[in-house]
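These notes are about the structure you will find just below.
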Amino acid sequence: MSDNKNENNISIELTEETANGQYSNLAIINHSPSEFVLDFVNMMPNVPKAKVQSRMIMAPIHAKRLLAALQQNVQNYEQAFGVIEDKVPAGSGVPNTMNMPYMGTKGEA
């Protein structure tokens with residue numbers, strides 16, 4: 001009988017540069033039949049222009065798994081720390097992206 005305990009272990013390397021991360025307060029999501037494209041942006045207050053800091057491209061199944069993982073983690077967070085308010089404070093200078101028009105689908109793989 002084989003020992004299956006270690007068969008699901010994977011080794012993931014995290015470089016120092018990647019570990020520092022990129023701050024994002026806006027995500028733009030587009031999709032085609034074969035992929036989801038997530039652009040992460042850092043919008044500064046009262047600055048009308050921003051650059052994409054990072055782009056992630058993934059297969060639809062991975063996008064669905066990411067959604068489920070985020071839902072579970074938000075639920076865990078709210079159980080530990082309270083409900084996350086889903087609104088931008090008035091006068092913060094940060095645009096309320098919940099009211100932005102849908103960007104639509106772009107591109108094909």
Order by accessible surface, 1.4 Å probe, largest leading, for residues HIS31, HIS62 comes to HIS62, HIS31
Can you compute the FRET efficiency between ASN30 and VAL88 using 1/(1 + (r/R0)^6), with r the Cβ-Cβ distance and R0 = 22 Å? Round to the nearest 0.05. 0.50
Non-local amide H neighbours of MET43 (under 5 Å, H modeled in plane, Pro and chain starts lacking H): which ones? ASN25, LEU26
Quick check: with the 1.4 Å probe, what order do ILE57, ILE10 take by accessible area, largest first? ILE10, ILE57
The stretch 1-87: chymotrypsin sites (Phe, Trp or Tyr not before Pro) in DSSP coil with no more than 13 other Cβ atoms inside 10 Å: TYR23
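The values are calculated or read from the model by the stated rules, or taken from the named source; none is laboratory data. Bear in mind that the values here come from a model prediction, so they are computed numbers and not experimental data. Every residue, glycine as well, gets a Cβ built from its backbone with ideal geometry; the counts of neighbours run over all protein chains shown. Side chains included, ligands, DNA and RNA excluded: accessible areas come from the protein's heavy atoms. Shrake-Rupley method; radii C 1.70, N 1.55, O 1.52, S 1.80 Å.
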